[in-house]
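Here's the structure, in structure tokens; my notes come after.
The values are calculated or read from the model by the stated rules, or taken from the named source; none is laboratory data. Everything numeric here is computed off the predicted structure, so don't read it as measured data. Cβ placement follows ideal geometry from the backbone for every residue including glycine, while neighbour counts extend to all protein chains displayed. Ligands, DNA and RNA are stripped out before the accessible areas are found, and what is left, the full protein with its side chains, is counted by its heavy atoms. Shrake-Rupley method; radii C 1.70, N 1.55, O 1.52, S 1.80 Å.
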Amino acid sequence: MKLIKYLLVTIALLTLLGVGSLVALYYYVKPDLPSVETIRDVRLQVPMQVYTADGKLISQFGEQRRTPLRLDEIPQQLIDAIIATEDSRFYDHFGIDPIGVGRAGMVLLTTGEIREGASTITMQLARNYFLTRERAWMRKIKEAFIALHIEEQLSKDEILELYLNKLALGQRAYGVGAAAEVYYGRSLHELTLAEIATIAGLPKGPSILNPISNPPASVERRRIVLRRMLDEGYITREEYDVAFNAPVTARLHGATIEVSAPYLAEMVRNEMVERYGAEEAYTGGYQVYTTVSSTHQLAAERALRDNLHAYDERHGYRGPVNRLWGELAQTELDIDESAMTVGIINPETMAIPEARGNDPWSTDEIVAYLRRQPVYGPLTPAVVTQVGEREAQIVLRGGQQTTLSWAGMDWARPYITERSQGPAPQQASDILTAGDHIWVRRETDDSDYKLAQIPAPGSAMVAMHPHNGALAAVVGGYSFQMSQYNRVVQAKRQVGSTIKPFIYAAALEDGYTLSTIMNDAPITQWNPGSGSAWRPRNSPEVYDGPIRLRKALARSKNVVSVRLIRSVGVDRTADFMQQFGFDEADIPRNESLSLGSASFTPLELTRGFAVFANGGYLVDPHFIARVETIEGEVLEVASPVYACAECRSQELYEDWWEHELPQAPRVLSEQTAFLISDGLTSTIWGGGSWPNQTGWNGTGWRAQSLRNRNIAGKTGTTNEVKDAWFVGYGTGIVATTWVGFDNVENALGSVTLNANLGRDRQPIVGSEAGATTSLPGWLSFMSEVIDDFSTEPFQLPPDVVSVRIDDDTGMLSNQSGYTSLFEYFLRGTEPTEFVDSDESSPRLFEDSDDELFR
């Protein structure tokens, strides 16, 4: 009896000690336990996705990929596989499985090591949300307490749903929904039993049991899962046998990008991080819809790339990237120098096999080499294997063998300098040699391959809705992979003659008219301080003498612009230009401003021209239309200011008219905005106001191919042709194209040397200018999209009248022939005297001072 008494006392004391220990441990770990609110409020981490206005995926940001699902959206077979493998008594225990704990304890007593964790699904959920994965007693204790908390607050189905959506399953896939997309590119309901078992086997070791990085281990784990499902009665023997012997079908699937717009996506990423912070932006599951439609974006990207390739082909072929065999085979990568621009290629990271003299490489060696080479947009690396008289055999990246026809390479005159090229090739061997590593591209999806090269200059294209500032297309360069430098918003470049509409607008506000006669004659201004003369010149150096302002604007007469800024005043003009949203620091306060020495980004210039297009209002550029949650709840909708023009252009806003539109500030009279826009139609169509043409063209005459007389535009070329611009617009769209070489120092302050000549802002010379270099790209874009935008005639404002004037003198005319035309005037500024039919044209001022006459 004594023995029994001592035994009972001992058991009681041990029990009390155990309970006391548990209570003590509870209070010890209590500060680390999550609150009930935290357990219920645990948020799933979902990447941010960026879409076009028409719902096509542009990009995804956030390392973790997760597709949250409700429990009733998850196939029962997968639920069965998880329960059978991870916690067969899940629905029977209270968060801690005593049988599992006992089994783990026996293993510990017999081996002295923690080999089995006895973790239930609830405990794994606790660990995944709140704890690390290290094997330590204290972690297990905390895990048990959190599991008890969770079991008390959530139902079994809620716990299982959280667990299946939280699981880390390798390849940055979190949750079973994301795993199905990452490994198989399909939804869970489309997976086979073998694929479901593969996913169900991943929680034990997402890295070592991964079907992509370790297929044999994955197969073994899959078979264990299938055995557990069979033992638990979830599948039949026949199903088991089929899945047991199934091949590995997993491969890496990323988010399916439907539209290429990486520069726009990066702009959205920066904006969302600024609004929400990095962690929230990348994990909050935001669905961001932009203002850009997929058709307009793809058209802009094609136009920019095709235009750069056209430039490059005009200037000659710079040779192969590398020669793998033959007399000039290189032992080190010899990249064409343009590929070094803005960090396009780093030779130190481009591993290639050692060249072997004259010995040709095998196809397998070529394919292995090409597999390591990058792909830039439409540019695909290839190796020439055989050269015929007027064709060449090539191997493409991926192993495809094809023929490069003569039509695909006959453009390739040897590059000498930007101003000169060698003789036209007569046969394929004049261009290519077996062993050449070259670039090829397709102009359309079904066209043959064509010899190509990485374009030497850079470019940018941006389009905007002028009535509210919504961007319609954004292309910041040839390839985001080559350079993340977004020239649309980061490249401040001298704008050249695209400044002139702003200079002329200042003059109109100062009392000038489109029929004012100016002296298009050379100017020489002596500077005693420097001992030199400033001689602004027209480009080309053609001087027409007395010329109306409309014609001077359309023909981009430099000396007329200088005379205007002298008349209006440099400071007044600079102050006036700030009304268009330009930064004061970017506007030089000297006469060179009249020739475009100011530096703006393409987006800033587009915003400025939008003032003319919308009737005088300054709108704010924006590119995010709305932000939604993963469930589709709208969190934000863009609320831009609108250029309403006193609400007389209601047709532009019919979808919004039931709501009150926030009004954009007026910065220019609608009369001046109209006069400049009408004047800029002459840049394209020449002559006076249609239909009174007088036989001359403006610098943008190539845009006549659009057959749209309601389009205005301005070409721009800077000194030594370092920058080429074209800005064109109608009532519903403003689009800007820039072409040039990147600066030594970009907006981020990082070095971006152009390797071709190793100097800042290499000229794009060789008969190049805004009209020949940038306008074709703009024209290619507009020809595809113009029907999607309003291009109604610019609306005639109050107090603007049209009168017939003489073409030479700008005076009133009663003639109806080719010597006269109709011109628009602000009421009260129209001429009052008729031209004498016998009067000769005004005489040319031959002196070099700043004399003006009207």
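Some points to look at:
- Criterion (at pLDDT 70 or above and exposed (fewer than 10 other Cβ atoms within 10 Å of the Cβ)) met by exactly one of K2, K56: K2
- Criterion violated by R115 - all others in (1) at pLDDT below 70; (2) part of a helix (DSSP H, G or I) satisfied: (2)
Per-residue answers, yes or no, for (1) open to solvent by 30 Å² or more (accessible area, probe 1.4 Å); (2) not basic (K, R):
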{"position": "A585", "(1), (2)": "yes, yes"}
{"position": "E591", "(1), (2)": "yes, yes"}
{"position": "L595", "(1), (2)": "yes, yes"}
{"position": "F612", "(1), (2)": "no, yes"}
{"position": "G616", "(1), (2)": "no, yes"}
{"position": "H622", "(1), (2)": "yes, yes"}
{"position": "R626", "(1), (2)": "yes, no"}
{"position": "T629", "(1), (2)": "no, yes"}
{"position": "V634", "(1), (2)": "yes, yes"}
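- Screening region 175-203 for residues that are hydroxyl-bearing (S, T, Y) and touching a residue at least 60 places away in the same chain (Cβ under 8 Å) and picking the one that is most open to solvent (accessible area, probe 1.4 Å) gives Y184.
- Residues that are touching a residue at least 24 places away in the same chain (Cβ under 8 Å), closer than 24 Å to G170 by Cβ and open to solvent by 90 Å² or more (accessible area, probe 1.4 Å), drawn from region 218-251: R251
- The set of residues in region 310-325 being under 14 Å from A456 (Cα atoms) and open to solvent by less than 10 Å² (accessible area, probe 1.4 Å) consists of Y311, D312, H315, G316, V321.
- E541 meets the conditions (1) in contact (Cβ under 8 Å) with a residue 12 or more places away in the chain; (2) open to solvent by 10 Å² or more (accessible area, probe 1.4 Å); (3) among the charged types (D, E, K, R); (4) closer than 16 Å to S497 by Cα in every case but one. The failed one is (1).
- In summary, L593 fulfils each of the numbered conditions (1) over 21 Å from L471 (Cβ atoms); (2) at pLDDT 95 or above; (3) part of a loop (DSSP other than H, G, I, E, B) with the single exception of condition (3).
- Among (1) open to solvent by 60 Å² or more (accessible area, probe 1.4 Å); (2) outside any helix (DSSP H, G or I); (3) of a type outside the set (V, I, T); (4) modelled with pLDDT of 95 or more - the single one Q815 does not satisfy: (4)
- Residue count for region 386-409 under the criterion of being surrounded by fewer than 18 Cβ atoms within 10 Å (Cβ to Cβ) and closer than 29 Å to Q481 by Cβ: the result is 10.
- Single condition A598 does not satisfy, out of (1) modelled with pLDDT under 95; (2) in contact with a Pro (Cβ under 8 Å, 6 or more places away or on another chain): (1)
- Filter result for V570 (more than 30 Å from T819 (Cβ to Cβ) and either out of contact with any strand residue (DSSP E or B) (no Cβ under 6 Å at 6 or more places or on another chain) or among the aliphatic types (A, V, I, L, M) (or both)): yes
- Of residues in region 458-469 being over 15 Å from F726 (Cα atoms) and open to solvent by less than 10 Å² (accessible area, probe 1.4 Å), the one nearest to the chain's Cα centre (by Cα): G469
- Considering only residues in region 699-732 that are at pLDDT 95 or above and aliphatic (A, V, I, L, M), the one that is surrounded by the most Cβ atoms within 10 Å (Cβ to Cβ) turns out to be V727.
- Scanning region 596-615 for residues that are in a helix (DSSP H, G or I) and either within 18 Å of T672 (Cα to Cα) or touching a strand residue (DSSP E or B) at 6+ places or on another chain (Cβ under 6 Å) (or both) gives P602, L603, L605, T606, R607, G608, F609, A610, V611, F612, A613.
- Pairs where the first residue, in region 411-431, is touching a residue at least 60 places away in the same chain (Cβ under 8 Å) and more than 15 Å from D312 (Cα to Cα) and the second is among the small types (G, A, S) and open to solvent by less than 30 Å² (accessible area, probe 1.4 Å), C-beta under 7 Å, 6+ apart: I431/A412
- Any hit, region 484-507, residues being touching a residue at least 40 places away in the same chain (Cβ under 8 Å), closer than 20 Å to W701 by Cβ and of a type in the set (S, T, N, Q): yes
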